[in-house]
Amino acid sequence: MKKISYIFLALGLLACDQEDFPSTTGLESLRDFNLNPIEGSTVNLSSINRDGEIVVEWGEARSGLNSDVIYTWMLDEADGDFSDPILSFKSDQEGLSNSITFTNQALDDLLIDLGLSIGEQLEGQWTVSATNGDITTVADPAVITIRRFINEIAPFNLATPADNQYAGLFDSDPDSEVVIQWDSTFAGFGTDVTYQWVADTAGGDFSEPLVTLDAEQSGTENELTITHQALLDLLADLNVPMGTFVTLDWKVIAATEDITKISEDVFSISLVKPVGPSKFMVGAATPAGWGWDNPIEMFQVQENTWVSFLNFSNDAFRFFAVRGDWDSGSNYPFYEGEGFTIDAAFEDANDDSNNFRFIGEIGAYKITLDENNKAITLD
């Protein structure tokens, strides 16, 4: 259960330093305590976190003979004198604790009982009384505003494609799809939520997005499927040349009634229309590992030149001309024998297959395989 603690400065409840009572009198006494809040503190009750706790705490008022002190929290109108407070409750632990705990739902129910409508706020004052049975002392009141529930949409995050992904779009495969997903969310009052996917140029402010699309099922699903053809059309509209990457920022807007909520994050995706077939990288040095489930694709950005973007680990890998075909691989000695200049971050792994080994600093790189100039480089 999520807990929201309004402790000291959070609600401005700052207990003053206390003076010790003399122990020589033998008489019962009660240490004074005061509240010194920041005036105008506000508690906005949350309809999307109804079970979340609001904990109000204050300074301890110890009894002179260490008898139990019982606290009572009181709320009154702004001009009230607490002779007949509108709310009055013992603190936690049947009054023994110097704190009182409410859930958002419980406080909202209390405001409903006081006649407040949705979104209305109570401007009042609160205080705490402390008694040891013989003596009762009351702290100076503190001004507080408590606002009832409003309908709101819970925060949500983007999921896939992961941030900073790259996708190649081919005329020969226009029906391939990019599936975009995000976390589902909900409205505090249970109203239906719909979603829109919006994309803009990298660094854009989304004031005039390039693309706005409803999610699946008339906007009600937390995913969207876009064909490669639709993205190719977008590149054409943007006059992006073949072999040139264009980066889009994207986010999702959730809506219910007249309320909207933007995803907590903004992701980017880079698109390219390659000039020819791709090459592939497989190996433990790459996120793909030694398998064909998700090989690293190298896009042909100009004739006989391929690039890719990936995180390298200090391990081995190999280039392949055909996805899924182990016989189409080329190892370190092959390129060395062809007279290629090979980046110093690579060496011959000297394993059974003489693969490439990455020996540079682990991290994200752009790799270029340039057969025109016979070079394999990292940036």
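The values are calculated or read from the model by the stated rules, or taken from the named source; none is laboratory data. These figures come from a predicted structure and were not determined experimentally. Cβ: placed from backbone, ideal geometry, glycine included. Neighbour counts: every protein chain shown.
Tabulated data
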{"quantity": "Failed criterion for GLN300 (all others in (1) farther than 25 Å from PHE170 by Cα; (2) of a type outside the set (Asp, Glu); (3) out of contact with any Asp or Glu (no Cβ under 8 Å at 6 or more places or on another chain) hold)", "calculated": "(1)"}
{"quantity": "Positions within region 282-320 being closer than 18 Å to ASP370 by Cα and surrounded by fewer than 23 Cβ atoms within 10 Å (Cβ to Cβ), in sequence order", "calculated": "GLU297, GLN300, VAL301, GLN302, GLU303, ASN304, THR305, VAL307, SER308, PHE309, LEU310"}
{"quantity": "Residue within region 90-108 that is closer than 30 Å to ASP249 by Cα, assigned to a strand (DSSP E or B) and free of Cβ contacts under 8 Å to residues at least 24 places away in the same chain present", "calculated": "no"}
{"quantity": "Any hit, region 53-62, residues being within 30 Å of ASP192 (Cα to Cα) and of a type in the set (D, E, K, R)", "calculated": "yes"}
{"quantity": "Of all residues making up region 247-274, the number that are part of a loop (DSSP other than H, G, I, E, B), buried (at least 21 other Cβ atoms within 10 Å of the Cβ) and in contact with a Pro (Cβ under 7 Å, 6 or more places away or on another chain)", "calculated": "0"}
{"quantity": "Positions within region 111-124 being hydrophobic (A, V, I, L, M, F, W, C) and under 18 Å from GLY188 (Cα atoms), in sequence order", "calculated": "LEU111, ILE112, LEU116, ILE118"}
{"quantity": "Some residue of region 140-152 being touching an Asp or Glu at 6+ places or on another chain (Cβ under 7 Å), of a type in the set (S, T, N, Q) and buried (at least 19 other Cβ atoms within 10 Å of the Cβ)", "calculated": "no"}
{"quantity": "Filter result (in contact with a Gly (Cβ under 7 Å, 6 or more places away or on another chain), within 13 Å of PHE320 (Cα to Cα) and either among the β-branched types (Val, Ile, Thr) or not assigned by TED's automatic domain parsing to the domain that holds LEU369 (or both)) within region 289-307", "calculated": "none"}
{"quantity": "Filter result (closer than 22 Å to ASP293 by Cβ and under 37 Å from the mean Cα position of the chain (by Cα)) within region 315-349", "calculated": "ASP315, ALA316, PHE317, ARG318, PHE319, ARG323, GLY324"}
{"quantity": "Selection status of ASP163, within 30 Å of ILE48 (Cβ to Cβ), surrounded by 14 or more Cβ atoms within 10 Å (Cβ to Cβ) and of a type in the set (Asp, Glu)", "calculated": "no"}
{"quantity": "Strands (runs of 3 or more DSSP E) enclosed by region 169-223 - at least 1 residues per element that are of a type in the set (D, E, K, R) and in contact with a Pro (Cβ under 6 Å, 6 or more places away or on another chain)", "calculated": "194-201"}
{"quantity": "Selected residue [in a helix (DSSP H, G or I) and either outside the structural domain of GLN125 (by TED's automatic domain parsing) or modelled with pLDDT of 95 or more (or both)] from ILE112, ILE48", "calculated": "ILE112"}
{"quantity": "Residues satisfying the stated conditions in region 227-244, i.e. within 18 Å of ASN164 (Cβ to Cβ) and crowded, with 17+ Cβ neighbours inside 10 Å", "calculated": "LEU231"}
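Per-residue answers, yes or no, for (1) without any contact (Cβ under 8 Å) to a residue 24 or more places away in the chain; (2) under 30 Å from ILE269 (Cβ atoms); (3) not assigned by TED's automatic domain parsing to the domain that holds GLY80; (4) not in a loop (DSSP other than H, G, I, E, B):
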| position | (1), (2), (3), (4) |
| --- | --- |
| SER117 | no, no, no, no |
| GLY124 | no, no, no, yes |
| THR127 | no, no, no, yes |
| GLY133 | no, no, no, no |
| VAL143 | no, no, no, yes |
| ASP163 | no, yes, yes, no |
